[in-house]
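The values are calculated or read from the model by the stated rules, or taken from the named source; none is laboratory data. Because the structure is a prediction, the values reported are computed rather than measured. Ideal geometry is used to build each Cβ from the backbone, glycine not excepted, and the neighbour counts take in all protein chains shown.
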């Protein structure tokens, strides 16, 4: 992506735009008291959770937004509120400061929280080593409950049990028989 592309931010049309490079600019406009506001690229700040953010003002109300969410609103069809039920904006490279369009995607919360895990005893989500029994344990969290799926000789068997439970949940079935 060589050329920076600018798009209106939904809900802030003709006021603010977001770019494919993760920048936000205010457009030339006349504010509510008749002053002419010259457009410019807005300064971003770092949130306590290590994401770039800024404030947008409309009709005298100011709201904070994370930049990656604004890029997703402008380019990925993301919708605030219940419009994208269960979808979140994911940084593909896991760098929360890289808000370029080519680094963002919409995924489910489960996919986002389970990708590229570091640490733990297994390379798979929902699988861990049980020292006491010297077996691989598989479990899944669903509706705020941890469901034990069994213990297995190999890490791959435990992973397959987790994947089976995930497919069953996606089909509206109980995680296990």
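A few notes on this one:
- Residue count for the stretch 1-26, restricted to those that are in contact with a helix residue (DSSP H, G or I) (Cβ under 6 Å, 6 or more places away or on another chain), closer than 12 Å to residue 73 by Cα and outside any strand (DSSP E or B): 4.
- Filtered residue count, the stretch 131-149, keeping only those that are loosely packed, with under 15 Cβ neighbours inside 10 Å and over 23 Å from residue 109 (Cβ atoms): 4
- Of the helices (runs of 4 or more DSSP H) entirely within the stretch 62-177, those holding at least 2 residues that are out of contact with any strand residue (DSSP E or B) (no Cβ under 7 Å at 6 or more places or on another chain) and modelled with pLDDT under 90 occupy 109-114, 155-170.
- For the criterion of being under 24 Å from the mean Cα position of the chain (by Cα), free of Cβ contacts under 8 Å to residues at least 24 places away in the same chain and under 22 Å from residue 102 (Cα atoms), residue 66 passes.
- Qualifying positions in the stretch 11-50 - within 19 Å of residue 104 (Cα to Cα) and surrounded by 15 or more Cβ atoms within 10 Å (Cβ to Cβ): 17, 18, 19, 20, 21, 22, 23, 24, 44
- Residue within the stretch 97-111 that is free of Cβ contacts under 8 Å to residues at least 40 places away in the same chain and on the phi > 0 side of the Ramachandran plot present: no
- Checked against the criteria, residue 177 counts as over 30 Å from residue 52 (Cα atoms), free of Cβ contacts under 8 Å to residues at least 12 places away in the same chain and loosely packed, with under 13 Cβ neighbours inside 10 Å.
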